[in-house]
Amino acid sequence: MATYRIITYGCQMNERDSETIAGILAGRGYRKAAEGEDPDIVVLNTCCVREGAERKVLGKTQELKALKTTHPQAIIAVVGCLSQQPGVAASIMKKMPHVDIVLGTHNIERIGEALENVAALRHPVIEVLDQETVPPEGLPAVRAPGVRAWVTVMYGCDNFCSYCIVPYVRGRERSRLPGEIKAEVQRLVDEGFKEVVLLGQNVNAYGKRLGTGQDFADLLREVDSVRGLSRVRFMTSHPKDFTQKMICAVRDLPTVCEHIHLPVQSGSNSVLERMNRGYTREQYMDLASRIRQAMPDCSLTTDIIVGFPGEDERGFAETKDLVRQIGFDAAFTFLYSPRKGTRAASMPGEVPQETKKARISQIIAIQNEITQRKNRDLAGQVFEVLVEGPSERDPSVKAGRTRQNKMVHFRTSAPAGSLVSVRVTATGTWTLRGEVVGEGSPPTT
Ligand code: SAH
Ligand code: SF4
Ligand code: F3S
C-alpha cells in the first residue's frame, strides 16, 4: 500500500487543511507512513506569515531532495500559503527541480488529480489559482486523533493589517453556510469528538456576505445546540469586530468556553494606526474590561508584534504598560518581519534587529511574571476539565484543559472525553497540577 507523510507549518487553518489532504490521499488508497519509513508522497503544507516560517519551509523542501536518492519514485508536493505568493511556484521549480507538485491555497483539494497527472505525464504539475472559491463541502478528512476537532467556518481575510501577508495568500473573506457547519459539528460529535474549535482569520466577520443575516454570535448559538457536544472554542477574534452581542454569547451559551484570543499587536496608538488595526489602545482596554466585567473568570490571550516600523521607545513602553494593565493569561510575541507586497514593508523607521530582540525579551519576561502570578491565584480553586488522555511528558498522569484553556495534570481513571472537576494543587508557568474532586462540572456558585 502506498504511503503519505504531510508536514504542516503555520496556523490551525493549515492543520485543518492538512486533514483534508490526508482524507483525499486516504480515499485514493494511501496510508500514513510510519515513523522512519520513506513515504511515497510527501506534502509540505506551507506558511509564509514571517520570514522564519518561510525559511523553515524552504529548508525542509531542500532537505527532501535526499528522499529522491533513496526512493526515486517518491513524489514531493509543496502546497498552501507560501506557494500562493506570486513567483514562488516558478522559483521553487527552478531552484528545486525535485519538487513534483505545487498547489496554492485555493485548490488543495486538487492534490489527488495532481498526483495522477504527475504519474501519467511524468512532469511537474503547478496549479496556483488567482481566482478564489469557497472550497466544496463534504471533502473527506482524516482528523487528528483526540477529543478536539477543528472546524473552519470562514476562509480568507479582508482586514489588510499593513504587516500581514494572509489577505494576499488566502484571499477575501468567504463564510461557510451555518447549516453546513452545524452538520459537520454533528458528524464530529457522532464520531466521538467532545470539543470543536471554530476557525477563521477573523471569526467575528463571519456571515458578512452570506446574506442570511446571521453573524458569528448567531453561529455560536447554532453550534451550541448540537446535542452531545461538551465544548466550543473559537479563534481568532479581531478586537474591532468583537461586539457586546459576542460577549453575551460567550457568557450565556453553556458549551462556549470562557477564553478569548484577542490579538492586540501593540499598545501604541500611532503604531496601531500604521498597522491599520482599526482600534485604539483605549478601545481595546475598554473591550477587555467589558469582557471581564461580564465574565470575571474569562481568560484573555493575545498576540504582540515588537519592532514594527517606527516603533520608538515610547511606543514600546506603551505596549509594556498595556500588557501590565490588562494582565493577559498568555501572550504570543513576534519580531516584526517585513513581508514582500505588504504596505508595512515599505514604511520608514526600520527597527534594528538587536533592538527588536531586546524588546521581545522584555515583553516575555513581563508576561511570564504575570502568567505565574495568575496561575498562583488559581491554587485551591475547582475547575471543569475535559480529560484529553495521558500527558505527553508524564504518561502516568492525565492531561486536560479548563474552560479557560489552561492545561492541568492530574490522576484519574476517567477516560478521555470525560468532564471532571479538578482542584488545582500546584502551579507552574505552563501547566497546573490538580486532584479530581468529582465527576462532571463543579456546581456553579
Ligand atoms: N488572523 C489572526 C492571525 C494572523 S497570523 C489575527 O488577526 O490575529 C498570527 C499572528 O502573527 C498575528 O496576530 C501577528 O501577531 C503575527 N504576524 C502576522 N504578520 C506578521 C509579520 N509580518 N511580522 C511579525 N508578526 C506577524
Ligand atoms: Fe492578518 Fe490582520 Fe487578517 Fe489577522 S486580521 S489575518 S493579522 S490581515
Ligand atoms: Fe501561515 Fe497561511 Fe496560516 S501564512 S499563519 S499558514 S494562513
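Which links in LYS320/LYS356; LYS182/LYS208; LYS94/LYS340; LYS65/LYS94; LYS65/LYS357 stretch past 24 Å when you go from one Cα to the other? Don't skip to the answer; put the middle values down first.
Numbers: LYS320/LYS356 14 Å; LYS182/LYS208 18 Å; LYS94/LYS340 20 Å; LYS65/LYS94 14 Å; LYS65/LYS357 34 Å.
Too far apart for the 24 Å limit: LYS65/LYS357.
Work out from phi, with θ = phi - 60° and the Karplus expression 6.51 cos²θ - 1.76 cosθ + 1.60, the ³J(HN,Hα) of each residue of region 214-225, listed in order in whole Hz, and give x for Gly and Pro.
Working through the residues one at a time gives 8, 9, 5, 4, 5, 5, 4, 4, 4, 5, 4, 7 Hz.
What trypsin sites (Lys or Arg not before Pro) in region 50-150 are in a loop by DSSP, with at most 11 other Cβ atoms within 10 Å of the Cβ? Mind showing how you got there, number by number?
On the way: sites: ARG50, ARG55, LYS56, LYS60, LYS65, LYS68, LYS94, LYS95, ARG110, ARG122, ARG143, ARG148; in loops: ARG50, ARG122, ARG143.
Sites meeting the loop and neighbour criteria: ARG122.
For VAL256, list long-range residues whose amide hydrogen, built 1.01 Å from N in the peptide plane, is under 5 Å from its own amide hydrogen.
For VAL256, whose amide H was placed from the backbone, the distant partners under 5 Å are VAL232.
Charges only on Cβ, +1 for Lys and Arg, -1 for Asp and Glu: so what's the dipole of the chain about the Cα centre, in debye to the nearest 20? Could you put the intermediate results ahead of the total?
Numbers: 58 positive and 53 negative charges, 100 e Å.
Roughly 480 debye for the chain.
Helix-only mean residue ellipticity at 222 nm, the chain, DSSP H runs n ≥ 4 weighted -39,500 (n - 2.57), per residue, nearest 500. What is it? Don't skip to the end; give the middle numbers.
Details: 14 runs with 155 residues, N = 445.
Calculated from helices alone, the mean residue ellipticity at 222 nm is -10500 deg cm²/dmol.
So if R0 is 22 Å, what FRET efficiency would LYS357 and ASN269 give, r being the distance between their Cβ atoms, rounded to the nearest 0.05? Before the final figure, lay out the partial values.
Numbers: r = 25 Å, r/R0 = 1.12.
E between LYS357 and ASN269, to the nearest 0.05, is 0.35.
Whole-Hz ³J(HN,Hα) for each residue in region 400-406, computed from phi via Karplus 6.51 cos²θ - 1.76 cosθ + 1.60 with θ = phi - 60°, x for glycine and proline: what do you get?
Listing the rounded values in order: x, 10, 6, 4, 7, 6, 8 Hz.
Between GLN73 and GLU180, how high is the FRET efficiency from 1/(1 + (r/R0)^6) when r is the Cβ-Cβ distance and R₀ = 30 Å? Nearest 0.05.
Given R0 = 30 Å and the Cβ-Cβ separation, E is 0.20.
Give me log10 I(q)/I(0) at q = 0.16, 0.21, 0.22 Å⁻¹ for region 264-377, Debye formula, one equal scatterer per alpha-carbon, no solvent.
Taken in order of the listed q values, log10 I(q)/I(0) reads -0.74, -1.17, -1.26.
Could you derive backbone 3J(HN,Hα) for region 27-34 from the dihedral phi with the Karplus parameters 6.51, -1.76 and 1.60 (θ = phi - 60°), listing whole Hz in sequence and x where the residue is Gly or Pro?
The phi angles translate into x, 9, x, 7, 10, 5, 5, 6 Hz.
To the nearest 20 Debye, how big is the dipole of region 133-281 about its Cα centre, given +1 on the beta carbon of each Lys and Arg and -1 on that of each Asp and Glu?
On the way: 21 positive and 16 negative charges, 59 e Å.
Taking the Cα centre of region 133-281 as origin, the dipole is about 280 debye.
Let a ≥ b ≥ c be the square roots of the eigenvalues of the Cα gyration tensor of region 3-127; is it rounded (a/c under 1.5), or, if not, prolate (a/b larger than b/c) or oblate? Present the calculation step by step, with values, prior to reporting the outcome.
Numbers: a/c = 1.28, a/b = 1.16, b/c = 1.11.
Verdict is rounded for region 3-127.
With charges set only on the Cβ (+1 for Lys and Arg, -1 for Asp and Glu), what does the dipole of region 382-439 come to about its Cα centre, in debye to the nearest 20? Walk me through the numbers before you get to the answer.
Numbers: 8 positive and 6 negative charges, 29 e Å.
It comes to approximately 140 debye.
Give me the Kirkwood hydrodynamic radius of region 3-57, using the inverse of the mean 1/r over all pairs of distinct Cα atoms, in Å to one decimal. Please report the intermediate quantities before stating the final value.
Details: mean 1/r = 0.0842 Å⁻¹.
That comes to 11.9 Å for region 3-57.
Counting only DSSP beta bridges with both residues in the chain, tell me the antiparallel percent, nearest 5.
Working: 23 of 66 bridges.
Beta bridges within the chain, antiparallel portion: roughly 35 percent.
Please give the peptides 30-39, 278-287 ranked by average Cβ packing (other Cβ atoms within 10 Å per residue), highest first, as a rough proxy for protection. Present the calculation step by step, with values, prior to reporting the outcome.
On the way: 30-39: 13.1, 278-287: 16.6.
The densest-packed peptide leads the list: 278-287, 30-39.
Which value, in Å to one decimal place, does the Kirkwood hydrodynamic radius take for region 44-98 when every pair of different Cα atoms is included? Kindly include the intermediate steps, with their values, before the conclusion.
Values: mean 1/r = 0.0862 Å⁻¹.
Taking every pair of different Cα atoms in region 44-98, averaging 1/r and inverting gives 11.6 Å.
Considering the dipole of region 3-127 built from charges on the beta carbon (Lys and Arg +1, Asp and Glu -1) around the Cα centre, which of ILE92, GLY112, VAL79 is farthest to its positive end?
Farthest towards the positive pole: ILE92.
Obtain the radius of gyration and the Kirkwood radius of region 382-439 from its C-alpha atoms and give Rg over Rh. Before the final figure, lay out the partial values.
Working: Rg = 9.7 Å, Rh = 10.8 Å.
Here the Rg-to-Rh quotient is 0.90.
What would the Debye equation give as log₁₀ I(q)/I(0) for region 84-221 at q = 0.17, 0.19, 0.22 Å⁻¹, counting only Cα atoms as equal point scatterers?
-1.05, -1.17, -1.30
If you wrap a convex hull around the alpha carbons of region 307-366, what volume per residue comes out, as a whole number of Å³?
Working: hull volume 5.1 nm³, N = 60.
Each residue corresponds to 86 Å³ of Cα convex hull volume.
Give the long-range amide H neighbours of ILE6: residues separated by 5 or more places, or on another chain, with amide H under 5 Å away, using H modelled in the peptide plane at 1.01 Å from N.
VAL43
Note the per residue figure in Å³ for the convex hull of the C-alpha positions in the chain.
On the way: hull volume 68.6 nm³, N = 445.
Per-residue hull volume (Cα only) is 154 Å³.
Jot down the radius of gyration and Dmax of region 167-256, Cα atoms only, both in angstrom.
Reported Rg and Dmax, both Å: 13.0, 38.
No lab work stands behind these numbers, since they all come straight from the coordinates. A quick note: this is a predicted structure, and the numbers were derived from the prediction, not measured. Here Cβ is always computed from backbone atoms with ideal geometry, including for glycine, and neighbour counts include all displayed protein chains.
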